[in-house]
Each structure stands twice: as C-alpha cells, then as structure tokens.
1. Top mean-square fluctuation among Thr171, Thr57, Thr106, Gaussian network model of the chain, C-alpha springs under 10 Å?
2. Are there chymotrypsin sites (Phe, Trp or Tyr not before Pro) in segment 94-146 that DSSP marks as loop and that have at most 14 other Cβ atoms within 10 Å, and which are they?
3. For Phe29, what charge total do you get from the other residues with a beta carbon under 10 Å from its beta carbon, if Lys and Arg give +1 and Asp and Glu give -1?
4. Say R0 is 25 Å: what FRET efficiency, to the nearest 0.05, do Tyr142 and Glu10 get from their beta-carbon distance?
5. How large a share of the accessible area of the chain, in percent, is made up of carbon and sulfur atoms when the probe is 1.4 Å and the other protein chains stay in place?
6. How much accessible area per residue does the chain have, in Å², with a 1.4 Å probe?
7. Taking a 20 Å limit on the Cα-Cα distance, which of the listed pairs Lys63/Lys176; Lys63/Lys166; Lys63/Lys113; Lys112/Lys170; Lys64/Lys112 fall beyond it?
8. Read through the labelled values (i) 48, 48, 25; (ii) 51, 38, 26; (iii) 43, 34, 29 and report the label of the one computed as Cα extents along the principal axes in Å from the structure.
Amino acid sequence: MPSKAMDLFEAYAQDKLPKDEGYIISSFFSNTSAYSRYEIVSYSGVKSIYLTDEGLTFQTNGKKLHVLIEPPNYPHKAIEPYVRSSHEQIPLRFSELEQIIAKNQTRVMIAKKPIISFSSFTILKPTGINFALAFYSLPDLYDTLAIFFEKTYNKEAGVPMADAKKAAVKTVDIIKNTMNFTGDFNQE
C-alpha cells in the first residue's frame, strides 16, 4: 500500500516528493499556548526543488491556504490576523476567513480561498514540535486530509472533537473546491 503522507524533508532526501501534484501541510504552534497556524499548499508541474538555509524551495506555482486557531484565553482576539506579531500572523483579514467558535470558545479561522504564489514558494524547515508533511494525491486524499485535520485540531490545538470534526470538514471542502488540480495548474 502506498504511503499517504511523509515528512516533507525526509521525502525530499529520499527523492519521494511528488513532482506532478501534491499537498504540503506545515504547522506553526505557539510554545506558550494552543495558538496554532497551518499552511496548506497545493502544487503541480514542479520544474525543480532545492534545499535552502530556510527550507525547501519549489520552482512552480502554488496555492496556499491559511488556518488559524486561537485558544479561548488569547489576549489579542480583536486584532486583525494580518497585523499581529510575526509568529502569530497570517496574511488575511477577518472578512477573508470562515470562523467556527468551538464549545470551549476556541476560534478556528479558515481562509475562504487560497493565495496564489507565482513561479516559486518556500516551505520553512519546521522547528520544535512543528511539522511539514507531504500528502500524496491518492484516491482517498480528501478523506486522509479530513482525518489528519480532525486529529491535529483536537490534539495540538485543543479544539473539542465535535468542533474539530466540523472544522476539518470545512477545511477539506475549501481545499477540494479551491485547490484541486483541475484547471489552474495542471496544464503547465
């Protein structure tokens, strides 16, 4: 059975990164709270991939979707995400985000649509408990992503399971509808 996902940097080292199409999910967790940021990137038609000091650079177009999860005690709830401190920031306004308030008052914010990166993008090397995973384009990809988000939203970000499931479904719906490989990138 083929692997559904693999650590991005291990996949690169073993020459197992999909070059035709794939998804990369990176996490950025706070060291002091359950504040969590995720970046989901879809790409296809890779011209080259190379390692830099910062991370892994892909020479191709990509679509990046942001997810932000705030714990109930987050002190800067009213500040737009794009003007927050660099380690808490995503480049979006509240009006550009779907919001789900969990029963424990954790707020899950999912970008309504991805941001397009033209010509290249870099995935940063994870530090601490953060991760960068490559997901392979297999027939059950969206089911795999839904289970992955449900578990990580619940375990890492402290979202109650019922709300984590709801947020995971919303995240995957947005990915499926705005970041799939039909149209934009598959002809390049």
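The values are calculated or read from the model by the stated rules, or taken from the named source; none is laboratory data. Since the model is a prediction, treat every value here as computed from it, not as a measurement. A quick note on method: Cβ atoms are made from the backbone with ideal geometry, for glycine too, and the neighbour counts reach across all protein chains shown. SASA here: full protein model, heavy atoms, side chains in, ligands and nucleic acids out. Shrake-Rupley method; radii C 1.70, N 1.55, O 1.52, S 1.80 Å.
1. Evaluated over the chain, the most mobile residue of the options is Thr57.
2. Of the chymotrypsin sites (Phe, Trp or Tyr not before Pro), the ones in loops of segment 94-146 whose Cβ has at most 14 other Cβ atoms within 10 Å are Phe118.
3. So the environment of Phe29 carries a net charge of 0.
4. According to the calculation, E is roughly 0.60.
5. Carbon and sulfur: 53 percent of the exposed surface of the chain.
6. 50
7. Listed pairs above 20 Å: Lys63/Lys166.
8. Checking each listed value against the structure points to (iii).
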